[in-house]
Every structure is written in C-alpha cells, then in structure tokens.
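Below is one structure, written out as structure tokens, with a few remarks after it.
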Amino acid sequence: HRGTRFPAYLRALAAAGIEVRDEDVAVFERHPEGAYRAAMSLLTRADRPTALYCTTDFAAIAAVRAAHRLRLDVPGDVAVIGVGNTPDGEHLDPSLSTVGPVGFNAALAEIVAGRLTDREGADGKVFEFPWQLIVRESTGGPR
C-alpha cells in the first residue's frame, strides 16, 4: 500500500541518509491476504530483513503471522511495527509495536454516546488525537 504513510516513511529515511532499494519494499492489496503475501515475499528471501515497517496495523499483524508460519521469532529474527494502534495489535502475541493515537476508541465511544443523548444538538467541536510511538513486544519492548 503506497498511500500517504509510505512517502512520509521514504522522506524520514532520506533525511536519515538511508537508501531504500525497490527490492526491500513489498506492495500489498488493501486486505489481510495481500499483506500476508507481501510479508511472505520479503521473509522468504535469502537476504531476509531483520525488521519490517508496515503502513497499517493489519499489515503488521499479517507480517507477524507470516513470520510465525515460517517459524521465525518475532522480534528475535524479525522485528515488526505497524501504524494505527488498533486493539487487535495490542492483543496479538507478541503484542504489536505501533504508531497511532492513544485512547482513541474510548474517546470515540464517548463522543458517539454524547451525540446520541444530546437532543438539542451541539456546537461543532474539534477533537484531537495526537499520535505517538507505542513500543510493545514485536520490536523487543516490555513483555
């Protein structure tokens, strides 16, 4: 998937002086099976990567499953990080390191419940959900 996250990734690597080779990138369809196949294509190479950055948590979860299928240890053989901070990633074994908003689902539930109970209507309001790095087990974080 080459949406807005991939160009940001490329810019960050370029700023750090790290070259990205085309053969180190696997593009996937926007569904778990496509992400799984993309991860398998990288993880079965002779020069297998030691880390995978995935542009979504669902792709990262698929990458962890592909690694497990190949009997690779995550994070010992390959570290994996996603984007989105989804509940599925938090409950994965190993738990998924990610970048995303913290407390988003709980806040969203409050917003929706508030809108459902407010019969008068409410003034418009902007909600901010700052993103942050959440280090978990898939990159060697705390167990």
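FYI, it's all coordinate maths here, none of it is from the lab. From a predicted model like this one, the values you see are computed outputs, not experimental measurements. Cβ coordinates were reconstructed from backbone atoms using ideal geometry, including for glycine residues, and neighbour counts include every protein chain displayed.
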- Item | Neighbour-limited loop hits for chymotrypsin sites (Phe, Trp or Tyr not before Pro), the range 46-143 (at most 12 other Cβ within 10 Å; DSSP other than H, G, I, E, B) | F127
- Message: Exposed loop sites here are GluC sites (Glu not before Pro) in DSSP loop states with at most 13 other C-beta atoms within 10 Å. What is the longest stretch of the chain lacking them?
- Response: 30-119
- Simple Cβ-charge dipole of the chain, Lys/Arg +1 and Asp/Glu -1, about Cα centre, in debye nearest 20: 260
- For q = 0.13, 0.19, 0.23, 0.28 Å⁻¹, what log10 I(q)/I(0) does the range 57-102 give under the Debye formula with an equal point scatterer on each alpha carbon and no solvent? -0.24, -0.49, -0.70, -0.98
- Query: Gaussian network model of the chain, Cα springs within a sub-10 Å range: biggest mean-square fluctuation belongs to which of V83, V20, V74?
  - Reply: V20
- Helix-only [θ]222 nm of the chain, DSSP H runs n ≥ 4, -39500 (n - 2.57) each, per residue, nearest 500: -11500 deg cm²/dmol
- Percent of C-alpha pairs per 10 Å bin, the chain, short to long: 11, 36, 31, 13, 7, 2, 0
